[in-house]
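Here the structure is laid out as C-alpha cells; the discussion comes afterwards.
Since every read-out is calculated from the coordinates, none of them should be taken as a lab result. Keep in mind it's a predicted model, so treat the numbers as computed, not measured. Glycine also receives a Cβ, built like all others from the backbone with ideal geometry; neighbour counts cover every protein chain displayed.
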C-alpha cells in the first residue's frame, strides 16, 4: 500500500508545478480513493498536507528574539538589512536570557546579533592572541 506521505507529496507536486488546479487535484484524489477503497486514508493524507502547510508557513515566517521590546521601525530595518521581504510574516518574542541584541530565524538561516555571542567571540579572540 502507498504511504500517506508519498501520496501527499504527489498531490503537492501536482499543484506546485502548475500542472493542475488544486480543486481538481482534491476532487480527483477523493474519486481515486473511493474507486480503490482507500477512503479511510483520505483523512490521514489531509493531516499530512496540513502539517506540511504549517511547516511551510513557519519556514516563511521571520522569528525575532530580542532582549527587550523593539519598535516597529527597527523591525523594518532588520528585515531590510537581512534582505527579507518587508511583507514576510513576523513573530517577535523577548528572551530575558539575552544580554542585548537580537536573533533572527528565517527560512533555513539563523542570524545571530546577540551581545553575549559577540562578547564570547571577543574573549576567544583575545585568548588566542595571548
(Q) Between 0 and 90 degrees, rounded to the nearest ten: what's the tilt of helix 39-59 against the longest Cα principal axis of the chain? (A) 20 degrees
Q) Using a simple spin-label model with points 7 Å from Cα along the Cα→Cβ vector, what separation in nm is obtained for residue 59 and residue 32? A) 2.1 nm
Q.
Rounded to whole Å, give me the distance from the Cα center of the stretch 1-62 to that of the stretch 116-130.
A. 50 Å
**Q.** Over the chain: Rg over Rh, Cα atoms, Kirkwood Rh
**A.** 1.22
**Q.** Principal-axis tilt of helix 22-35 within the chain, Cα atoms, nearest 10 degrees
**A.** 50 degrees
Q) What are the principal axis extents of the Cα atoms in the stretch 4-58, in Å, biggest first? A) 34, 23, 16
Q. Angle, helix 115-129 long axis vs. longest principal axis of the chain, Cα atoms, 0 to 90°, nearest 10?
A. 60 degrees
